[in-house]
1. Working only within segment 27-66, note down all residues that are closer than 21 Å to L16 by Cα, surrounded by fewer than 19 Cβ atoms within 10 Å (Cβ to Cβ) and of a type in the set (D, E, K, R).
2. Being within 13 Å of the chain's Cα centre (by Cα) and either surrounded by fewer than 18 Cβ atoms within 10 Å (Cβ to Cβ) or not hydrophobic (A, V, I, L, M, F, W, C) (or both) is the requirement here; does P79 meet it?
3. Quick check on my filter: what residues within segment 1-22 are surrounded by 15 or more Cβ atoms within 10 Å (Cβ to Cβ) and of a type in the set (D, E, K, R)?
4. Collect the residues in segment 1-21 that are in contact with a helix residue (DSSP H, G or I) (Cβ under 9 Å, 6 or more places away or on another chain), outside any loop (DSSP other than H, G, I, E, B) and of a type in the set (A, V, I, L, M, F, W, C), keeping them in residue-number order.
5. Could you please find all residues in segment 53-96 being at pLDDT 85 or above, touching a Lys or Arg at 6+ places or on another chain (Cβ under 6 Å) and closer than 19 Å to E31 by Cα?
6. Here are the criteria: (1) assigned to a strand (DSSP E or B); (2) in contact with a Phe, Trp or Tyr (Cβ under 9 Å, 6 or more places away or on another chain). Tell me which single one V29 does not satisfy.
7. Report, ordered by the first and then the second residue, all pairs with beta carbons closer than 9 Å, sequence separation of six or more or different chains, a first member in segment 1-21 that is at pLDDT below 95, and a second member that is open to solvent by 70 Å² or more (accessible area, probe 1.4 Å) and aromatic (F, W, Y).
Amino acid sequence: MRVLLIEDDALVATSLLDFLSIEDFEVKVAENIAAAESILPSFSPDVVVSDCVYGAGEFVKNLKQAHPKLPVIIVSGDPYSAQDTVPDADRVLNKGAGPGPLIATIREVAGGQYRSR
C-alpha cells in the first residue's frame, strides 16, 4: 500500500517511516504541504497521513475535491482541535497513540485498496 506521509518533524517522520516500512507499506515523506503537492502526481498514494501542519485544512479540502475517494488521516497532538481545523479528513488520531493505531487506521480506511508488494 502506498502512503504519503506529511510530517514536519524529522524525528517523527523517520520513526513513522520505519514502522510503516516494517509493515510493508511503500512510503514517501513530505516535510510540508508544498512538498506533498509536488509528490502527489507521480506517487498516487492509497492513503495520505498528515500531521496537522500549517495549511492542512485547505490542502485536504482541495485534495478531497480532486480525489474524493482518497482517504486522509490527520495525526495531531490535539485531535479535538484538528477535527475543527481539518474537517474533511476521514480520521483524526492522537499523535501520542503510537504506530499501532495508525497502522490499523491506515488499513481500515484503505479497505479493499490494499496492494501487496
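1. Those that are closer than 21 Å to L16 by Cα, surrounded by fewer than 19 Cβ atoms within 10 Å (Cβ to Cβ) and of a type in the set (D, E, K, R): K28, E31, E37.
2. On the way: within 13 Å of the chain's Cα centre (by Cα): no; either surrounded by fewer than 18 Cβ atoms within 10 Å (Cβ to Cβ) or not hydrophobic (A, V, I, L, M, F, W, C) (or both): yes.
So P79 fails the test.
3. Once the filter is applied, which keeps residues that are surrounded by 15 or more Cβ atoms within 10 Å (Cβ to Cβ) and of a type in the set (D, E, K, R), segment 1-22 yields R2, E7, D8.
4. Matches in segment 1-21: V3, L4, L5, I6, V12, L16, F19, L20.
5. Result: I73, V75, S76.
6. Unmet for V29, out of (1) assigned to a strand (DSSP E or B); (2) in contact with a Phe, Trp or Tyr (Cβ under 9 Å, 6 or more places away or on another chain): (2).
7. M1/Y114; D8/Y54
The values are calculated or read from the model by the stated rules, or taken from the named source; none is laboratory data. The model shown is predicted, which means the values in this text are computed figures rather than measured ones. Glycine gets a Cβ as well: all are built from the backbone with ideal geometry, and neighbour counts include every protein chain shown. Accessible surface is based on the protein model in full, side chains and every heavy atom, while ligands, DNA and RNA are left aside. Shrake-Rupley method; radii C 1.70, N 1.55, O 1.52, S 1.80 Å.
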